[in-house]
1. Among the numbered criteria (1) surrounded by 15 or more Cβ atoms within 10 Å (Cβ to Cβ); (2) farther than 15 Å from residue 106 by Cβ; (3) not small (Gly, Ala, Ser), which one does residue 271 miss?
2. Taking residue 85 as meeting all but one of (1) over 23 Å from residue 165 (Cα atoms); (2) touching a Pro at 6+ places or on another chain (Cβ under 9 Å); (3) buried (at least 20 other Cβ atoms within 10 Å of the Cβ), write down the number of the exception.
3. When the residues of the stretch 246-268 are filtered to those that are of a type in the set (Gly, Ala, Ser) and surrounded by fewer than 22 Cβ atoms within 10 Å (Cβ to Cβ), which remaining residue is farthest from residue 50 (Cα to Cα)?
4. Only residues in the stretch 271-283 that are closer than 23 Å to residue 255 by Cα count as the first member; pair them with residues that are in a loop (DSSP other than H, G, I, E, B) and not charged (D, E, K, R), Cβ under 7 angstrom, at least 6 apart or cross-chain, and list the lot.
5. For the stretch 180-297, which fully contained strands (runs of 3 or more DSSP E) count at least 1 residues that are over 20 Å from the mean Cα position of the chain (by Cα)?
6. Among the residues of the stretch 193-222, count how many are farther than 14 Å from residue 233 by Cα and hydroxyl-bearing (Ser, Thr, Tyr).
7. Being surrounded by fewer than 24 Cβ atoms within 10 Å (Cβ to Cβ) and either in contact with a strand residue (DSSP E or B) (Cβ under 9 Å, 6 or more places away or on another chain) or touching a residue at least 60 places away in the same chain (Cβ under 8 Å) (or both) is the filter here; which residues of the stretch 229-245 pass it?
8. Need pairs with beta-carbon distance below 9 Å; first residue under 15 Å from residue 194 (Cα atoms) and within the stretch 145-171, second of a type in the set (Asp, Glu); sequence gap 6+ or separate chains.
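The values are calculated or read from the model by the stated rules, or taken from the named source; none is laboratory data. Given the structure is predicted, the values throughout are model-derived calculations rather than measurements. Methodologically, a virtual Cβ is constructed for each residue, glycine included, from the backbone with ideal geometry; neighbour enumeration extends over all protein chains shown.
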Amino acid sequence: MLTALDVLGYERPTQLRGERARLVGLVLPELQNPIFPAFAEVIGGALAQQGLTPVLCTQTKGGVSEADYVELLLQQQVSGVVFAGGLFAQADAPHDHYRLLAERRIPVVLVNASIDGLDFPCISCDDAVAVEQAWRHLASLGHEHIGLVLGPGDHVPSRRKLAAAQAVAEAAGTELPEEYVERSMFSLEGGQAATGRLLGRGVTGIICASDPLALGAVRAARRRGLAVPGDVSVVGFDDSAFMNCTEPPLTTVRQPIEAMGRAAVELLTAQIQGGEVPPGELLFEPELVVRGSTAQVRRG
């Protein structure tokens, strides 16, 4: 809202004029995946309790870039920035605008991935535990051909999920075949296309790196005349809004959004107040939520 007001040239509300320490940038990669509005609600509410006002910056295709948003936030003299997903989670993406924030000594907190070489504090859901929970759940139902639908190759949380799956498979005395791993953009359509390829290779259980990917997986199975969970079991990740209302209700691994969002704001306000915040990553434990999209493997 404030970003829009400033860009359009309107005056800010009187109580916000000239108050450098009252504005905090909240940068999100998108709003279509319900997990990001959920993070925005938690982080925005926690900031408000601290007397801070979030400036919401959401990326749109062909719109304002993340680097441009950082420039805008610096012009607004924000006292800190929270990034909940974005280019920092892509190892091969440009990271110069993050270095600019570090040089200006602007307090920053990252959610769900860190940046090599920059000591920003980071709040993450433990990707390894998430995959272990999902994999063991499917294995306990008798699934031996378990596939993964992950984000792009340079997406750091997806890399972590892949490493965890390989480790779990190895611990079980098997290995994860390369052809059981598909990569996709984070969308329902991407999940559908990736799952279509996996189903052609005999996979019966699918672990997805987001809930929209998992909904795409369910759609792909149905388009092939397969039942979920009768023929194919699907596990999502996030437990974003309405996943208990889908058909079937989605089994997924829940990120503890409330705890993570509040911790991010605590780390940010500690920096704003001049306190020492240890660099590195705080890992939060996810929780498997079993619903109707997973079932015993169908033999034969």
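1. (2)
2. Just one mismatch for residue 85, condition (1).
3. 259
4. Hits for this filter: 281/114.
5. 205-208, 233-238
6. Final tally of qualifying residues: 1.
7. Of everything in the stretch 229-245, those that are surrounded by fewer than 24 Cβ atoms within 10 Å (Cβ to Cβ) and either in contact with a strand residue (DSSP E or B) (Cβ under 9 Å, 6 or more places away or on another chain) or touching a residue at least 60 places away in the same chain (Cβ under 8 Å) (or both) turn out to be 229, 230, 231, 240, 241, 242, 243, 244.
8. 147/179; 147/182; 148/182; 149/182; 150/182; 152/92; 153/92; 158/127
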